[in-house]
1. Under 18 Å Cα-Cα from K342, which aspartates and glutamates qualify once same-chain neighbours fewer than 8 residues away are excluded?
2. Between beta-carbons, use under 12 Å as the cut-off and find the net charge around R404, counting Lys and Arg +1, Asp and Glu -1.
3. How many nm is it between the label spots at S185 and N112, if each spot is 7 Å from the Cα in line with the beta carbon?
4. When you count, for each residue, the other Cβ atoms within 10 Å and take the mean per peptide, how do 75-85, 4-14 rank with the highest first?
5. What 222 nm value per residue comes from the helices of the chain, counting each DSSP H run with n ≥ 4 as -39,500 (n - 2.57) and dividing by all residues, nearest 500 deg cm²/dmol?
6. Give me the mean projected area, in nm² to one decimal, of the convex hull enclosing the Cα positions of the range 31-74.
7. Give the relative contact order (percent, whole number) for the chain; include only Cα pairs under 8 Å separated by 6+ residues.
8. Exposed loop sites here are GluC sites (Glu not before Pro) in DSSP loop states with at most 11 other C-beta atoms within 10 Å. What is the longest stretch of the chain lacking them?
Amino acid sequence: MGGFFGVVGKTDVVSDVFFGTDYHSHLGTKSGGMAAFDENLGLQRQIHSIGNSPFRTKFEGILEQMTGTSAIGCINDSDPQPLLIRSKLGRYAICTVGVINNAKELTDGYINEKSAHFTAMTGGEVNSTELVAALINRKRTFAEGLRYAQKMIKGTALILILTENNTVIAARDLYGRLPVHIGKSKKGMCVSFEHFAYQKLGYKNAYELKPGEIVELDAENFKVLAKGMKKMRVCSFLWSYYGFPTSTYEGINVEMMRYRNGHIMARNDKKSGSLPKADYIAGVPDSGTPHAIGYANESHLPFARPFIKYTPTWPRSFMPANQKERNRIAKMKQIPVDELIKDKELLFVDDSIVRGTQLRETVEFLYESGAKKVHMRSACPPIMYGCKFLNFSRATGDNELITRDTILKLEGEKGLEYLDEYSDPSTERGKKLRKAICEGLHLASLEYQTLDGLIEAIGLDKSKICTYCWTGKED
């Protein structure tokens, strides 16, 4: 996915943007970049690959190389950015977060209509951030251009712009699937995907943008360039998986939501009689751990950490391109606590189950370490559809999802007509799905959080939450 951070201040702000951007490292592992504006030097920019080392190590010399009273930074899993743009709107730096599903259509239309061109990357594709800039530049002002881009893009786009007027312009995506926060301090104003990033730098919460809202920040305050929309479809995975534990979205803290989510799962298991007599409740590190704590608290079964991720040399989620080496490193990162595994019946809670590849390896590792039984609980419902709006689960085709793959094996293409039934644990198809996945992963039992349970844990009205991954419904 990705995240961004920007500051407009009364003095040099590059240091704040460096640290603020680094605090978004949990959201992307491919590339990072920073841009700054100085009245004497103008716009400056640096971009680095962070596929094999953290953001901080690639940008640690940035304070000697870049200066400015306004700056932006980003970390992402997509194309290199920020980009420096020269257009009728002036010169500016831009970065984006999200997915453009109709990129080819927009690119072809722009080229044909304007006889224009784009810088092509390997394979002929166009940098998605350059495409967003091209859409913005079609209008007379940034506000008009940003609104036009929001309406034309099918998918999701958070947009951050650094201007030569020493301002930063931020736009939340049209349906508010991702967050944008504003912070304020005596030093100036900042904008961030994650609010805790600026809190650690001395800024206080000032505002959270509404869906589609566009604002401009200077060193003293911010002003609204385009009002927000009433309709919101915020991504539920922000709470169950993506978000850092200290993050808060729409007033709801990630860690607290995960405790509630685990509590509800245990409550459901007790009600249905499916709560096992496990020796320990554990979370699949790291995002599964708070869900497991909530489950343990409600079930009154002891919480433990039967294995620990070794992070000093593999602190992030990146993996080698070679699948054999990926599998090897995934296992090497898991260090067992033998006394908590050998001859024990364990119940693990994971944040989600997508393809099941890593989960299968984890279960094999636990049995190889001497576990007697391994039960699994998923902190979200069965994923039936690849995400259309963010990067979550979209790297695979729908039929590579463990649910779809299992349904095809059970019933063939006809089974895909009954996805709602397979999602429901009370139906015969739902029971068959869980049993088949259990057998395939060698689990003693498997249960998923219900959609109603997940929505209860988040605490927002169902109409405001995107549930496409489970229901296939956009509204």
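No lab work stands behind these numbers, since they all come straight from the coordinates. It should be emphasised that the depicted structure is a prediction, and the values quoted were computed from it without experimental measurement. Ideal geometry is used to build each Cβ from the backbone, glycine not excepted, and the neighbour counts take in all protein chains shown.
1. D279, E361, E364, E368
2. -3
3. 5.0
4. The peptides rank, most packed first, as 4-14, 75-85.
5. -9000 deg cm²/dmol
6. 2.8
7. That works out to 12 percent.
8. Formally, the longest exposed-site-free interval is 221-473.
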